[in-house]
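> Before anything else, here's the structure in question.
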2 protein chains.
Amino acid sequence: MGRVGLNQERLVQAGAELADEVGFDQVTVSALARRFGVTVASLYSHVRNSQDLRTGIALLALGELADRAADALAGRAGKDALTAFANAYRDYAHEHPGRWAAAQSRLDPPTAAGSAGVRHAQMMRAILRGYHLPEPDQTHAVRLLGSVFQGFVGLEMGGGFDHSPPAPPESWARVLDAVDALLRAWPTADAG
Amino acid sequence: MGRVGLNQERLVQAGAELADEVGFDQVTVSALARRFGVTVASLYSHVRNSQDLRTGIALLALGELADRAADALAGRAGKDALTAFANAYRDYAHEHPGRWAAAQSRLDPPTAAGSAGVRHAQMMRAILRGYHLPEPDQTHAVRLLGSVFQGFVGLEMGGGFDHSPPAPPESWARVLDAVDALLRAWPTADAG
DNA sequence: GTAATTTTCCTAAAGGTATTAGGCAAAGGC
DNA sequence: GCCTTTGCCTAATACCTTTAGGAAAATTAC
């Protein structure tokens, strides 16, 4: 009886792949065990529990997404950077729906602090450098960007834009135009 | 042995309450059966399956949220309407986190078409009437609004804004200012 | 190379969730 | 009161999660 050679990394990677195939909510310790041809109990030598496995997949996804976004950002500024970052975000979700869903998982504060999620915020700040917003408006804008990207992709992936024209890519492009315009003319706190 | 008098409505209502108490992901047929002091199997006379129950809770939440938003919108226009609607949205999420989570559920197209989700879009169109956007920009803007509201509240509820100042209510207010300003100066398709 | 130690996989067990089928008694209708 | 319908229960089945202990594979130490 030889050993399959499982380890946490392999399990997380396979879990991420499975998530994209069947949906993140279908990724279970049992499903993974079947995938490797071992018994369910064997996996507990490598992952503490089901939640640990799911967190691992979420962290992997956040890291991949951050890498993608960083690549897209390289050498770009202003609207070009904004668009490239946003597109990396949305493209990732479309290519890896299960991984993207995993990245939406709620993480406990210490895990979140050590995750690639922090890189996302940093990259958004880098994008905003091209728009010269002072604090605290820069943070407000980071949160707005995060909201728009997460929100749009979330609604789209959830089928919210399936019911009527225009096609989502068109709205996405226009929304990015709009956000760029907004950032270029960010209202002061006194504007009403 | 008298009957507890279960029916689908009671189950969905109790499920929604339980969702707010322990989180939507902890709402199970089993948990509900315990809540009513009956056996698990008894619930299947009233709900087809676990998914049916969860869909029911999602529809309830969407309806409550739409009612809240409609109330908030009554008699308001322009930025006032925008702010009131958005605040109804965020307040609901804060007061009913489990219900709100249920409302994020993906629904199949026929169910979605018959849900209160349609009312949400209609109300956003009503808000946008005050900003005079032509189609297809009005639809783009509806999707942007949905994205901002969903996205911001989702990130906030997920703890994404817990790590650093400013406090979320401040960002929320500024984001709404920004969105209002954007809608008042919505870029044409040639801008950029 | 051998022995000792560590690690990984398995079995067994237990607890929990989801669902179906059939039966019985409560509830409703006439 | 009688008949019919309905709601709850039991039993059964399938699946998921996790723990403990054992045996064998793999690694480490000499």
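Rundown of residues vs (1) open to solvent by less than 40 Å² (accessible area, probe 1.4 Å); (2) out of contact with any Gly (no Cβ under 7 Å at 6 or more places or on another chain), yes/no style:
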| position | (1), (2) |
| --- | --- |
| B:98 | yes, no |
| B:111 | yes, yes |
| B:118 | no, yes |
| B:140 | yes, yes |
| B:167 | no, yes |
| B:172 | yes, yes |
| B:175 | yes, yes |
| B:189 | no, yes |
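> If we keep just the residues of region A:143-192 that are of a type in the set (D, E, K, R) and assigned to a loop (DSSP other than H, G, I, E, B), which is farthest from the other protein chains (Cβ to nearest Cβ)?
A:190
> Take residue A:151 and decide whether it is in contact (Cβ under 8 Å) with a residue 24 or more places away in the chain and touching a Gly at 6+ places or on another chain (Cβ under 8 Å).
no
> Filter region B:45-63 for residues that are open to solvent by 30 Å² or more (accessible area, probe 1.4 Å) and not in a helix (DSSP H, G or I); which is nearest to DNA strand D (Cβ to nearest atom)?
For region B:45-63, the residue satisfying everything is B:46.
> How many residues are among the acidic types (Asp, Glu) and either over 20 Å from residue B:165 (Cβ atoms) or part of a loop (DSSP other than H, G, I, E, B) (or both) if we restrict to region A:127-142?
Within region A:127-142, residues that are among the acidic types (Asp, Glu) and either over 20 Å from residue B:165 (Cβ atoms) or part of a loop (DSSP other than H, G, I, E, B) (or both) number 1.
> Given the criteria open to solvent by 20 Å² or more (accessible area, probe 1.4 Å), closer than 22 Å to residue B:95 by Cβ and hydroxyl-bearing (Ser, Thr, Tyr), does residue B:83 qualify?
yes
> With the structure loaded, tell me whether residue A:68 is open to solvent by 50 Å² or more (accessible area, probe 1.4 Å) and either modelled with pLDDT under 95 or away from DNA strand D (no atom under 16 Å from the Cβ) (or both) or whether it fails that test.
So residue A:68 fits the description; yes.
> Give me the residue from region B:83-111 that is more than 13 Å from the chain's Cα centre (by Cα) and part of a helix (DSSP H, G or I) and, out of that set, nearest to residue B:54 (Cα to Cα).
Across region B:83-111, the extreme among qualifying residues is B:111.
> Residues of region B:14-44 being open to solvent by less than 70 Å² (accessible area, probe 1.4 Å), away from DNA strand D (no atom under 14 Å from the Cβ) and more than 14 Å from every other protein chain (Cβ to nearest Cβ), which ones?
Correct list: B:15, B:16, B:18, B:19, B:20, B:27, B:31.
> Does region A:122-130 contain at least one residue that is surrounded by fewer than 20 Cβ atoms within 10 Å (Cβ to Cβ) and either within 11 Å of chain B (Cβ to nearest Cβ) or among the aromatic types (Phe, Trp, Tyr) (or both)?
Looking through region A:122-130, none of the residues is surrounded by fewer than 20 Cβ atoms within 10 Å (Cβ to Cβ) and either within 11 Å of chain B (Cβ to nearest Cβ) or among the aromatic types (Phe, Trp, Tyr) (or both).
The values are calculated or read from the model by the stated rules, or taken from the named source; none is laboratory data. What you see is a predicted model, and the numbers here were worked out from it, not measured in a lab. Note that each Cβ is placed from the backbone with ideal geometry, even for glycine, and that neighbours are counted across all protein chains shown. Keep in mind that these areas ignore ligands, DNA and RNA; they rest on the heavy atoms of the full protein, side chains included. Shrake-Rupley method; radii C 1.70, N 1.55, O 1.52, S 1.80 Å.
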